[in-house]
Each structure stands twice: as C-alpha cells, then as structure tokens.
1. Just subtract the alpha-carbon distance of Glu3 and Arg71 from 0.36 nm times their residue separation and send over the number in nm, one decimal.
2. Would you mind checking segment 47-70 for residues with the amide N under 15 Å from a putative spin-label position 7 Å along Cα→C-beta of Arg14?
3. Please rank Cys4, Cys164, Cys209, fewest neighbouring Cβ atoms within 10 Å first, as an exposure proxy.
4. Counting only Cα, what are the radius of gyration and maximum Cα-Cα distance Dmax of segment 141-223, in Å?
5. Compute the acute angle (0 to 90°) between the alpha-carbon long axis of helix 60-70 and the principal axis of greatest extent of the alpha-carbon atoms of the chain; round to the nearest 10°.
6. Can you give the angle from 0 to 90° between the axis of helix 43-53 and the longest principal axis of the chain, with both taken from C-alpha atoms, to the nearest 10?
7. Tell me what the chain gives for mean residue ellipticity at 222 nm when only DSSP H runs of n ≥ 4 count, each as -39,500 (n - 2.57), the sum divided by the residue total, rounded to 500 deg cm²/dmol.
8. Working from Cα positions, state the angle (0 to 90°, nearest 10) between the long axis of helix 111-124 and the longest principal axis of the chain.
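Please treat every number below as a calculation from the coordinates, not as lab data. Quick caveat, the model's predicted, so the values are computed rather than measured. Every residue, glycine as well, gets a Cβ built from its backbone with ideal geometry; the counts of neighbours run over all protein chains shown.
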Amino acid sequence: MCECGCGREVKPGRRFVHGHNGRGDIERAKKIGKAFKKLWKDPRYRQKVINSRIGHIVLKKTRNKIAESKRGVPLSEEHIKNLSLSHIGNRQTEKSKRKISFALTGVKKSKEMRRKLSLAKKKEFEDPRNCTNWQGGLSYEPYCQAWKDKEYKEDIKARDSYKCQNLNCNNVTDLMIHHIDYNKKNCGPFNLITLCRSCNAKANFSRDCWKDLYQQIIINKYKKAA
C-alpha cells in the first residue's frame, strides 16, 4: 500500500503511488520544492526540461486527473503574477481561440470576474494604438469643408430616398452619412452613402468588404444612370 496513507496499491518495488511521495510529509515536500526551484533557476536545466516535453502527448485521462487535482486550490499572489507575466506577448492560434471560446460557452462569470475583465480591457485600450481597429489615427483628422454644410448632407439623404442603403436593412430612421472609402476629406457625392446608425457602426469592421459593397451600390444606382 502507498506509504502516504491514501490506501491505494503500489507497483511492486515502489513505496508510493506516482505523485504521492510528498503527501503527509510537509517538511519533505518543502525540501523537494526548494531543491526544484533552485534547479529551475539554471537556464540549462530549464531548457533541458522544456526540450524533453516537446512532442510529448498527455493522455486525456491524465489531463483530467491533473485538472481535478488543481481544482479549488488557491493560488498565491506571486503565482498569479508569474502566470500573468508568462503570457505577455503570447498570441493564440485560431484553433486555440476556438477551443477556448467553446470551453467558455455557457459559463457564467461572477460580478468580480466581469469587473476585472472590464478594467483589464480599459487599461489595454488606454493607448488607442492597441485597438484592433486602429487605422493610424485617421479618426483624429479633420473633415472637409463640405461636411459642415448641412444642406449638402441633406441632399445626399434625399438622393438615397431617406432610407438606409444597406441591402439587408432599409431603415428610415436615425440616418447618417457614411464615407465609403473612410477618407473624411473625400466628400464627393459618389463617396457618400446614407446609412442608419446601426449599419454605420457595423461598417467599422471588415472595412474592405463594406467599402466594396457600398461602392458597387453607388455605381449601380447612380454612376451607371449618369
């Protein structure tokens, strides 16, 4: 039987079940931990361990056991800090992102978790260059003079029959004028199109797709007619 006191049988010639040699002997476990920390500071030893794990496949059963053993175990502030630092600069592959997304589907986050996530995002985007939609500061550039002419913008809405020109929308309320090529200084009539507020917000993502779509709409409706 395992000498840690767990009551499990051990293989012939062994004293402990694998991983149980530190159980029940706190002082021995501390000594092993200190010795390992000392070894881990040696970059050659650390690299040797890392290299030995390359290509190593951990069975699902083993992964579940590891996860179960760590469930509910509180982490020290130092451990949390080290984990955070180790992930700085890491980029997840699309496959990993999908796995994480699938694993978190339906998981309810506590108020404290949501608050922490919100603060982390606010801190990340204090510098606008970290934003995924950063376009080199285009939003800070001034509009052309024609943009200040309310009658000119009203003429564009009248041309578009006071209706959102998104083919899947046709909303007639809360209308705005959108720059098709996203150049605020290009206020020519064929570069402006009427959109509702919702479609105008959507146009900030996948810009090339929206640009091609709205350019084609203007060409089909007005340029060909002209």
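1. Numbers: separation 68, 0.36 × 68 = 24.48 nm, distance 2.42 nm.
Residue separation times 0.36 nm, minus the Cα-Cα distance, leaves 22.1 nm.
2. Within reach of a label on Arg14, which here means backbone N under 15 Å from a point 7 Å along Cα→Cβ, segment 47-70 contributes 62.
3. Working: Cys4 18, Cys164 24, Cys209 10.
With the fewest neighbours first, Cys4, Cys164, Cys209 line up as Cys209, Cys4, Cys164.
4. Values for segment 141-223 (Cα only, Rg and Dmax): 11.7, 32 Å.
5. 80 degrees
6. 80 degrees
7. Details: 9 runs with 100 residues, N = 226.
Value at 222 nm, helices only, nearest 500: -13500 deg cm²/dmol.
8. For helix 111-124, the angle is close to 60 degrees.
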